[in-house]
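Notes for the one structure printed next.
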Amino acid sequence: MLNFGTIGTSSITTKFIDASKRGNQLKLTSVYSRDQAKAKDFADEFGAEYIFTDLEEMAKSSHIDAVYIASPNSMHYQQAKLFLQNKKHVICEKPIFSNSAELEEVFQVAEENGVFILEAIRNIHSPNFKKLKENLSKAGAIRSANLHYVKYSSRYDLFLEGEVPNIFNPSFSGGALVDLGVYPIFLAAGLFGEPKEISYHPVLLSNGIDGSGTLVLVYEGFVCTILCSKIAQSYAPNEIHGEKGTFILDYSAPITSIEFIEHHFMNKENLTVNQNENDMIYEIEEITAIIENNDQAKYAELKDLSRLVLKITETAREKSGIVFDADKK
């Protein structure tokens with residue numbers, strides 16, 4: 001069992017801790033917050049023995065083997081480097097970093113220190129994603145795919161009132177593409193691989209950040225269209241269309257329902273696998289197995305997937321003029 005600490009006290013951290021308690025791979029020992037009272041309250045709530053208000057002190061602590069980072073996006077890079085340099089494994093919430101330069105540097109730091117850095121992206125580790133991938137050939141030649149994550153954010157209300165929440169702030173590497181679009185992008189990358197062409201058509205807010213957008217990934221023989229938004233709401237399913245049939249997914253994350261419809265006879269097949277409501281347990285199982293078994297082959301596979309997704313979002317941003325502060329360094 002790995003002792004771990006957390007950076008971030010938001011709902012996503014709460015969900016990760018809850019998932020960690022459902023298995024025997026991780027034990028929460030430590031909590032970080034700049035606010036000591038907040039750190040103590042969070043630690044008391046979840047049974048962590050140690051609190052930290054200094055990241056360097058936490059990184060040097062013997063009480064943790066790994067850290068889960070769920071801070072604002074732009075902070076991931078420096079925080080991950082610090083912990084890796086202190087020979088702690090890093091599980092970093094999506095999006096892992098702001099750009100590919102940061103990613104490659106941190107991969108190198110991890111290798112030099114004999115530890116792992118892995119992106120916490122829950123949907124690709126779930127039983128339903130694996131079921132979909134196993135059955136993808138049922139559809140025959142893929143001819144199109146419509147994937148999306150369109151979810152109205154309450155923080156947009158704050159933006160409209162004149163505030164700039166982190167997720168709508170270029171200084172914190174925010175925006176719909178990197179915050180929500182990564183889920184369907186990981187599906188596309190995991191199922192179809194690297195696209196031949198990438199273009200992004202954003203709806204830009206007053207500060208130059210994308211509130212929503214349409215990403216177009218061109219593959220050999222088909223196009224995958226990805227919609228992402230934090231300023232609207234969709235109730236439509238995701239679909240993957242092949243010459244022999246169509247897959248219908250309820251959501252890109254979590255995937256809780258999969259139906260395959262065969263075209264010629266209109267046969268319907270339910271491919272849904274029962275899975276835990278908190279699907280973060282599956283990413284924890286796979287990530288901790290890689291660390292504990294020193295599974296370099298699986299590690300390389302996930303690194304390449306993170307590379308590809310970041311390449312897609314970075315290329316899309318460059319072509320559409322979305323610049324993060326981190327890109328200027």
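Here are a few things to note about the model shown:
- Residues that are open to solvent by 40 Å² or more (accessible area, probe 1.4 Å), of a type in the set (Ser, Thr, Tyr) and touching a residue at least 24 places away in the same chain (Cβ under 8 Å) do not occur anywhere in segment 295-318.
- If you go through segment 7-60 and keep only what is small (Gly, Ala, Ser), surrounded by fewer than 19 Cβ atoms within 10 Å (Cβ to Cβ) and over 18 Å from residue 287 (Cα atoms), you end up with 10, 11, 37, 47.
- Annotation: residue 180 fulfils all but one of (1) touching a helix residue (DSSP H, G or I) at 6+ places or on another chain (Cβ under 9 Å); (2) under 26 Å from residue 69 (Cβ atoms); (3) not small (Gly, Ala, Ser); the unmet one is (1).
- Restricting 73, 86 to residues that are closer than 20 Å to residue 189 by Cβ and of a type in the set (S, T, N, Q) narrows the list to 73.
- Segments classed as strands (runs of 3 or more DSSP E), wholly inside segment 65-168, with at least 2 members that are of a type outside the set (Asp, Glu), on the phi > 0 side of the Ramachandran plot and surrounded by fewer than 21 Cβ atoms within 10 Å (Cβ to Cβ): none
- Qualifying residue in segment 265-280 (condition: outside any loop (DSSP other than H, G, I, E, B), open to solvent by less than 30 Å² (accessible area, probe 1.4 Å) and either under 16 Å from residue 91 (Cβ atoms) or modelled with pLDDT under 95 (or both)): yes
- Unique match (being within 28 Å of residue 324 (Cα to Cα), among the aliphatic types (A, V, I, L, M) and over 22 Å from the mean Cα position of the chain (by Cα)) among 215, 187, 205: 205
- Single unsatisfied condition, residue 188 versus (1) part of a loop (DSSP other than H, G, I, E, B); (2) buried (at least 18 other Cβ atoms within 10 Å of the Cβ): (1)
- Every pair of residues 6+ apart whose Cβ atoms lie under 6 Å, when the first sits in segment 6-19 and is at positive phi while the second is in a loop (DSSP other than H, G, I, E, B) and open to solvent by less than 50 Å² (accessible area, probe 1.4 Å): 8/70; 8/71
The values are calculated or read from the model by the stated rules, or taken from the named source; none is laboratory data. Quick caveat, the model's predicted, so the values are computed rather than measured. A quick note on method: Cβ atoms are made from the backbone with ideal geometry, for glycine too, and the neighbour counts reach across all protein chains shown. To get the accessible areas, we keep the full protein, side chains included, count just its heavy atoms, and leave off ligands, DNA and RNA. Shrake-Rupley method; radii C 1.70, N 1.55, O 1.52, S 1.80 Å.
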